[in-house]
Amino acid sequence: MKKLLLTILFLSALLVQAQNPVVTGNPASYTVIDENIEILFNVAGATDRDGGSLEGKDLYIWSFSSAGDSKTNGDWTNINPAARLEKLSDTEYRLKFPITDGANTYRTLAELYGAEAAPGSITSIGYLLRDQAPTFQTNDLTIPFAPFKFIENEVRTFPSQATTKDVVLFRFNKNFSGISNPAMIGAQNITLHVAPDVDALLAIEIETNFNGQYYEAAIIPAETFQGLFNAGTLSTLEYYFFDTDNPTIQSAQEEIILRPAAN
């Protein structure tokens, strides 16, 4: 009789166990630096942690990552309106990028969790669904994503995606195995050349610091090219490094596309 009671209790527990939403992406595979992604939540048959159905409810997402909490979380008892999921049907909900939160816009998961300068620090993303109050919530769940792989280049910027008001660090990797101009390896005085694509005559040249592997220099584009920024035309910077002693010796040339910064 005892065994029968235990079996009944176990089966009853299974019946009230919360059922999780099914999370998919559009595109199906995405990383934390991909823009214009959609994260879809299918809540058909899904329940909160007390067994209540999620279908047709007004749902908000409270999310967190290994790099930090979502910037749209707000306070637990006063969740941010930007955390509200878009209801496509009673069973389909969507979190769509870019996400606008007042004057702030988050275009990627890395930006949402404050890791745009180090996207590789995001190794896991967790979330729960809830209402605004909250009067119900799900258990802690996970959002899948494709791993971000850092690929070293001869020249690059940190972050790789920036606004006109961000600090942008330019780097030349002297030890890069596929360096485009081997003469740069022996250069001792390396300078950074940065030009807005709309007017190369406004190019600037900046002394760099060397840390044993990288030659580096940083600017805030809106301040460095203030006239262009105020005119609303600063969008792309082209850059390369060169040997000050022999300016014909240059690195590969790259560009960074800048987004307008929030006021």
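The values are calculated or read from the model by the stated rules, or taken from the named source; none is laboratory data. Note that the structure is a prediction, hence the values are computed from the model and not measured. Note that each Cβ is placed from the backbone with ideal geometry, even for glycine, and that neighbours are counted across all protein chains shown.
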Of these, K96, K174, which one is within 14 Å of the chain's Cα centre (by Cα) and either buried (at least 16 other Cβ atoms within 10 Å of the Cβ) or within 22 Å of S29 (Cα to Cα) (or both)?
K96
One residue from A146, A115, A133 being crowded, with 18+ Cβ neighbours inside 10 Å and out of contact with any Leu (no Cβ under 7 Å at 6 or more places or on another chain):
A115
So which of A218, A183, A162 ends up being among the hydrophobic types (A, V, I, L, M, F, W, C), in contact (Cβ under 8 Å) with a residue 60 or more places away in the chain and touching a Leu at 6+ places or on another chain (Cβ under 7 Å)?
A162
Going by the structure shown, is L169 surrounded by 12 or more Cβ atoms within 10 Å (Cβ to Cβ) and out of contact with any helix residue (DSSP H, G or I) (no Cβ under 7 Å at 6 or more places or on another chain)?
yes
Kindly indicate which of G126, G102 is without any contact (Cβ under 8 Å) to a residue 40 or more places away in the chain and either under 30 Å from I179 (Cβ atoms) or over 11 Å from the mean Cα position of the chain (by Cα) (or both).
G102
Just the residues that are assigned to a loop (DSSP other than H, G, I, E, B) and within 12 Å of T164 (Cβ to Cβ), please, taken from region 229-248.
G232, T233, L234, S235
Which condition does S63 not pass, out of (1) in contact with a Ser or Thr (Cβ under 8 Å, 6 or more places away or on another chain); (2) over 30 Å from A218 (Cβ atoms); (3) assigned to a loop (DSSP other than H, G, I, E, B), if it passes all the others?
(3)
Scanning region 149-159 for residues that are at pLDDT 85 or above and either in a loop (DSSP other than H, G, I, E, B) or polar (S, T, N, Q) (or both), which turns out surrounded by the fewest Cβ atoms within 10 Å (Cβ to Cβ)?
N153
So, in region 225-263, of the ones that are over 20 Å from the mean Cα position of the chain (by Cα) and of a type in the set (D, E, K, R), which residue ends up farthest from D199 (Cα to Cα)?
D245
Given the residues G56, G25, G45, which is the only one that is of a type in the set (G, A, S), within 16 Å of the chain's Cα centre (by Cα) and at pLDDT 95 or above?
G25
